[in-house]
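Only one structure is covered here, and it is reproduced in the block below.
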Amino acid sequence: MSGASVAVIGGGVIGASVAYHLARRGWGNVVVLDRAPAPGGGSTGRATGGFRAQYATAVNVRLSLLAREKLRCFQAETGVDPGYAPCGYLWLAGSAEELAELERGQRIQHEEGLTEAVMLPADDVAAVNPAVATDGLVGAAYCPTDGFIRPLAILEGYLLAGSRLGVEHRWGVEATGFRRRPDGSIAALETSQGVVEVDAVVDAAGAWAAAVAAWASISLPVVPLRRQAATTTPCDLLPATMPMTIWTGDGFHVRVRDGRVLLLQPTPGVPDAPFDTRVDSEWVDMVERAAHARVPVLRRATVDRAECWAGLYEISPDKHAILGAAPECPNLFFANGSSGHGVMHAPALGQLLAEIISDGQAGSMDATPLRYGRFAEGAALATSGVL
Ligand SMILES: Cc1cc2nc3c(=O)[nH]c(=O)nc-3n(C[C@H](O)[C@H](O)[C@H](O)COP(=O)(O)OP(=O)(O)OC[C@H]3O[C@@H](n4cnc5c(N)ncnc54)[C@H](O)[C@@H]3O)c2cc1C
């Protein structure tokens with residue numbers, strides 16, 4: 001294998017976005033390596049495709065607003081429709097505490113310019129989603145410009161547009177280690193198909209990113225967390241335009257995709273086998289029961305057990321991305337830890353990291369809150385259990 005100006009490890013939506021944005025800024029010889037035999041082999045291919053700007057920190061709201069701006073011109077830029085459908089996100093509160101958390105987040109959203117996000121009294125929930133059982137609800141938060149995107153279309157768009165600008169994508173090639181210079185910088189990447197001399201390396205290895213950083217003796221605090229998704233058989237019980245509807249208390253959520261209803265609810269994962277992506281049948285039973293109680297029309301739906309799936313989130317300690325240079329290794333850059341928001345934020349993160357690599361800092365927005373060093377500096381971002 002020959003050399004590369006920048007080698008990107010991981011050809012998921014984030015690696016593809018970083019590579020495209022580097023090429024757009026004039027970088028030649030950008031190479032993306034992925035051990036999967038074809039695009040979509042990692043978490044990107046498992047994502048359901050939610051998009052939201054309703055977050056509880058300024059930096060996440062800004063990432064979403066930058067990403068949304070880019071999604072709106074994505075087709076013109078890449079030639080592929082990213083499927084951005086502003087069907088809304090509806091967060092339901094079942095207690096005063098949950099409502100207060102949603103209100104707190106919304107104040108931050110408004111400060112960052114997401115003024116279309118509104119609080120709703122419980123009586124107005126049915127107007128936004130008539131299928132929901134409203135007993136016990138005390139209110140809701142709703143944003144009509146949140147909605148849906150198509151993860152594999154966004155990946156495809158960045159792969160195609162990157163290729164047109166000269167990015168080389170190599171599938172079935174595993175990165176296995178770094179060769180480092182005495183100053184700690186990376187001279188070359190060892191792979192399953194030979195050694196690649198590099199000027200810089202981007203770790204975009206998703207849930208597997210910590211193993212890559214460890215080759216530079218860096219402890220990257222990103223761990224995998226299994227997320228399961230249940231699907232019904234095709235049905236027309238709910239409209240395709242129904243907003244993503246989330247019960248704030250336990251994170252149970254429902255949406256419609258491609259004529260099926262998707263049912264999701266976070267669980268702690270599999271503690272002893274963190275990369276395990278099996279689907280638990282007891283979990284499917286649980287979300288089916290929740291769906292029957294909370295969206296009564298779904299009592300007539302059938303869960304398609306053979307089509308339920310699971311994948312991995314890439315969790316950082318404060319559930320925010322880790323973006324930028326690795327201080328201990330001068331030519332290693334991180335695009336990691338999006339904590340389950342990686343598809344929706346990929347357009348922004350790719351652009352910002354290309355700016356950081358090219359100019360030393362991001363120009364499109366302040367990305368310093370996402371720096372690797374924040375944890376050691378005691379500057380981790382405030383996490384909300386909810387948003
Ligand atoms: C069930 C589920 C639902 C989700 N829903 C959403 C959603 O609605 N909205 C949203 O924004 N996000 C969602 N996510 C999260 C989203 O999928 C991730 O945040 C995103 O895909 C991360 O992108 P990535 O490119 O970092 O990771 P990946 O797509 O996992 O790409 C990383 C790539 O690195 C490769 N790799 C790893 N190690 C090596 C190595 N040593 N050498 C070569 N290649 C390597 C892997 O093969 C992989 O292809 C969901 C995730 C799951 C599991």
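How high is the relative contact order of the range 230-363, in percent, counting Cα pairs under 8 Å that sit 6 or more residues apart? Answer for the range 230-363 is 19 percent. Using the 1.4 Å probe convention, the accessible area of the chain works out to 39 Å² per residue with neighbouring protein chains retained.
Annotation: peptides 135-141, 118-124, ranked by per-residue average of other Cβ atoms within 10 Å with the highest first, follow the order 135-141, 118-124. Between Q351, Q265, Q75, the GNM of the chain built on Cα springs shorter than 10 angstrom shows Q75 fluctuating the most.
Quick one: helix 13-24 against the long Cα principal axis of the chain, what's the angle to the nearest 10°, folded into 0 to 90? It is inclined by approximately 50 degrees.
For the range 217-327, the calculated P(r), taken from all Cα-Cα distances in 10 Å bins from zero up to the bin holding the longest distance, is 13, 40, 28, 14, 5, 0 percent. Inter-part distance, the range 183-251 to the range 346-387, computed on C-alpha centroids, equals 16 Å. A 1.4 Å probe over all protein chains sorts E328, E103 by accessible area into E328, E103, starting with the largest. What residue among P369, P243, P268 shows peak mean-square fluctuation when the chain is described by a Gaussian network model with Cα springs under 10 Å? The residue with the greatest mean-square fluctuation here is P268. Take every Cα pair under 8 Å whose residues are at least 6 apart in sequence, average their separation, divide by the length of the chain, and the relative contact order is 23 percent. Computed from the C-beta positions of E97 and A127 and an R0 of 41 Å, the FRET efficiency is 0.95 to the nearest 0.05.
Per-peptide packing, taken as the mean over residues of other Cβ atoms within 10 Å, places 357-368, 36-47, 219-230 in the sequence 219-230, 36-47, 357-368 from highest down. Distance from the alpha carbon centroid of the range 133-148 to that of the range 275-327 works out to 20 angstrom.
Which of F178, F275, F375 ends up with the largest GNM mean-square fluctuation for the chain, with Cα atoms connected below 10 Å? Largest GNM mean-square fluctuation: F375. Heavy-atom accessible area with a 1.4 Å probe sorts I322, I315, largest first, into I315, I322. Of the accessible area of the range 246-387, computed with a 1.4 Å probe over protein heavy atoms only, carbon and sulfur atoms account for 51 percent. Segment E307..A76, full-extension length gain: 79.8 nm, with 0.36 nm per residue of separation and the alpha-carbon distance subtracted.
Which Cα, out of P239, G194, V128, lies furthest along the positive dipole direction of the range 87-244 (beta carbon charges, K/R +1, D/E -1)? Looking along the dipole axis, the top candidate is G194.
Starting from one equal scatterer on each C-alpha and no solvent at all, send me the Debye-based log10 I(q)/I(0) for the chain at q = 0.09, 0.11, 0.15 Å⁻¹, two decimals. Results for the chain at q = 0.09, 0.11, 0.15 Å⁻¹ read -0.51, -0.76, -1.36. The shape of the range 145-219 can be summarised by an equivalent ellipsoid whose semi-axes, obtained from the alpha carbon gyration tensor, come to 28, 17, 11 Å from longest to shortest.
The values are calculated or read from the model by the stated rules, or taken from the named source; none is laboratory data. Every value quoted in this text rests on a predicted model; they were computed, and no experiment measured them. Note: ideal-geometry Cβ built from the backbone for every residue, glycine included; neighbour counts use all protein chains shown. Each accessible area value is taken on the protein alone, full model and side chains, heavy atoms only, with ligands, DNA and RNA left out. Shrake-Rupley method; radii C 1.70, N 1.55, O 1.52, S 1.80 Å.
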